[in-house]
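Scroll down for the structure; my scribbles are underneath it.
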Amino acid sequence: MTAVQRTDARRNRELLLAAAHEAFGESGPEASLNDIARRAGVGPGTLYRHFPTRAALLAAVLQERVDRLCARAEELAASRPPGRALATWLRALVAHARVNQGLGGALLLEGPDAPGTDDCHRRIENAAAAVLARAQRDGSARPDLSPADLLRLTLGIAVTSTRRGPEEEARVERLLALVLDAARPPAPTATPTTEPAGRDGQH
């Protein structure tokens, strides 16, 4: 393959992924592959050369979205205080999970030979561990909270929030606020003070 052919192939792949992001966002994981090829300005044969199956295309789209989520964790770690970085990234995680749980479910339905989601989950857990550890070192997150438990708490919001609209968005924000409150270190317990005894030994 010549340099020009490699450049064209790379460009076609990028166009197909961009079109797939758009189509899956509008129609879900069952979006027409022919429509995706049309949006990308290529023929169906070009799509199938890059992505031989629907599962391969779904996996590539999911991987790109996980790339962005993990890059967001690194960006926040470099630019925000640890506690704020954790809160902002968890909000991004909930948004990611709400949008992409249909893609993950569709991949699982493709069968045992389909590209799995294990690598995506591992990378998200690693990103969560890094953001959480920084907040724990800073004292803005409780030390006994594990990345796995944090993910279970946060992703549970996405799993139970399938509707859209202002009321649902407010509910998501309220639940996330509860998770963030639970992630903070408990307030120190006040030590009761003892009044000095009087001359007669009475308080």
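The values are calculated or read from the model by the stated rules, or taken from the named source; none is laboratory data. These numbers were taken from a predicted model, which means no experiment stands behind them. Calculation scope for accessible area: heavy atoms of the full protein, side chains included, ligands and nucleic acids excluded. Shrake-Rupley method; radii C 1.70, N 1.55, O 1.52, S 1.80 Å.
The GNM of the chain, with springs linking C-alpha atoms under 10 angstrom apart, assigns the highest mean-square fluctuation among Val159, Val131, Val61 to Val159.
Computed with a 1.4 Å probe over protein heavy atoms only, the accessible surface of the chain comes to 60 Å² per residue.
Note on Ser140: accessible area approximately 40 square angstrom, rounded to 10, probe 1.4 Å, nucleic acids and ligands left out. If one puts a single equal scatterer on every Cα of the range 20-131 and applies the Debye formula without solvent, what log₁₀ I(q)/I(0) results at q = 0.18 Å⁻¹? Each listed q corresponds, in turn, to -0.90. Of the accessible area of the chain, computed with a 1.4 Å probe over protein heavy atoms only, carbon and sulfur atoms account for 53 percent. The calculated P(r) of the chain, using every Cα pair and 5 Å bins from 0, goes 1, 7, 13, 14, 14, 13, 10, 8, 6, 4, 3, 2, 1, 1, 1, 1, 1, 1, 0, 0, 0 in percent.
Karplus-derived 3J(HN,Hα) values for the range 121-130, using 6.51 cos²θ - 1.76 cosθ + 1.60 with θ = phi - 60°, are 5, 4, 5, 5, 5, 5, 5, 4, 4, 5 Hz; glycine and proline are entered as x.
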